[in-house]
Amino acid sequence: MLKKYDPSNPQMVHSAVCFTDILGFSQMVLDAHQNGTGDQLLQRLHKILTEQYEDLKPEEDYMGVFKAFTDNIVIGLPIYDDGESQLGGIFLDFASFQLALTLEGFFIRGGLAVGDYYGDNEFAYGPSIIEAHYLENNQAIHPRIILSDESVQMVREHIDYYAEPSWAPQYRDLLQDNTDGKWFINYLEALMTDAHEQGNYQDVVTQLLVHKDVIEQNLTKFQGNARVYPKYEWAAQYHNYFCTHNIPQRLLQRHNNLLITQQTMGNFARII
């Protein structure tokens, strides 16, 4: 029997929980207010977040719970069977969410944890949301959604189901940052559906150029800021890694402006 969050009898359920927010959101709002563009920022945020929130909401009430307060987002999904479906759904949904916001210049950081959780329209409660928030606030650091140790262990078990690890969907959905060992959602993979199915890279290249541009804008803006600049330097290195490992060499040569110059590929790897 599928477990769910029942507001008539609130009890915690073993769940996958993701907590995210927008990097630098408070300062972004204050800066916009100061320079007289507060309403423009509000309209941009309202449009993109309203669209993306609608896509993230679970289809059935209390089978999964979505909560948002401006830039803070929580999704809880009760785990049933082995949890592969719930984790896989979060990977796919948040990859698309993170990609859409990043292309608009809003960079996302978050944490994904597995554990006891209860959520409804008013409540978000349990050790797993505390862990997810801790991961976002203390360990993610860069614009990435990282997995807890228990989440990583679950994914390792799921990958073992496949005769070849590279056949597992997680092989594309996740990457490991070798600088600290953290696994994170490979959000640029959300661009690749047509490329995988039809070999069509036209839209992929177009959106990667947008991704490059928003990163370069922040590298310029925060040059010399020792606290903020490394976050966008990480994003640049991730961008270069993804392009180098996913775009055919002939296209990289044709679009020789696709990589972010003066940045390395970063120290990333497939999770297997």
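FYI, it's all coordinate maths here, none of it is from the lab. Computed from a prediction, not measured in an experiment: that's the story for all the values here. A quick note on method: Cβ atoms are made from the backbone with ideal geometry, for glycine too, and the neighbour counts reach across all protein chains shown.
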Positive end of the dipole of the chain, charges at C-beta (+1 Lys, Arg; -1 Asp, Glu), about the Cα centre: which of I146, F123, A163 has its Cα farthest in that direction? I146
List the lysines whose Cα sits under 24 Å from the Cα of K4, skipping any in the same chain fewer than 8 residues away. K57, K67
Got a sec? How would H239, H196 order by Cβ neighbour count within 10 Å, fewest to most? H196, H239
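So what is the diffusion coefficient of the stretch 193-269 in µm² per second by Stokes-Einstein at 4 °C and 1.567 mPa s, using a Kirkwood Rh over Cα pairs?
For these conditions, the coefficient is 99 µm²/s.
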Lys/Arg +1, Asp/Glu -1 at C-beta; the chain dipole; positive extreme among V74, N240, Q43: N240
Express the relative contact order of the stretch 193-269 as a whole percentage, based on alpha carbon pairs under 8 Å and six or more residues apart in sequence. 31
Given Cβ charges of +1 for Lys and Arg and -1 for Asp and Glu, the option among L135, T20, A32 whose Cα lies farthest towards the positive end of the dipole of the chain is A32
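Compute, for the chain, the length of the dipole vector about the Cα centre, with Cβ point charges of +1 (Lys, Arg) and -1 (Asp, Glu) only. Units Debye, rounded to 20.
1060
List the trypsin sites (Lys or Arg not before Pro) within the stretch 178-272 that fall in a DSSP loop (any state other than H, G, I, E or B) and whose Cβ has at most 15 other Cβ atoms within 10 Å.
Sparse-neighbourhood loop trypsin sites (Lys or Arg not before Pro): R227, R270.
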Taking a ≥ b ≥ c as the square roots of the eigenvalues of the Cα gyration tensor, with a/c under 1.5 meaning rounded and otherwise prolate when a/b exceeds b/c and oblate if not, the stretch 15-148 is prolate
For the stretch 1-145, what does the relative contact order come out to in percent, with C-alpha contacts under 8 Å and a separation of six or more? 37
I'd like to compare 7-14, 75-82, 257-264: which one has the highest average count of other Cβ atoms within 10 Å, and what's the full order after that? 75-82, 257-264, 7-14
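Quote the convex hull volume per residue of the stretch 133-217, based on C-alpha atoms, as a whole number of Å³.
118
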Considering amide H positions built from the backbone, and no H for Pro or chain starts, which residues 5 or more places from R144, or on another chain, come under 5 Å of its amide H? G110
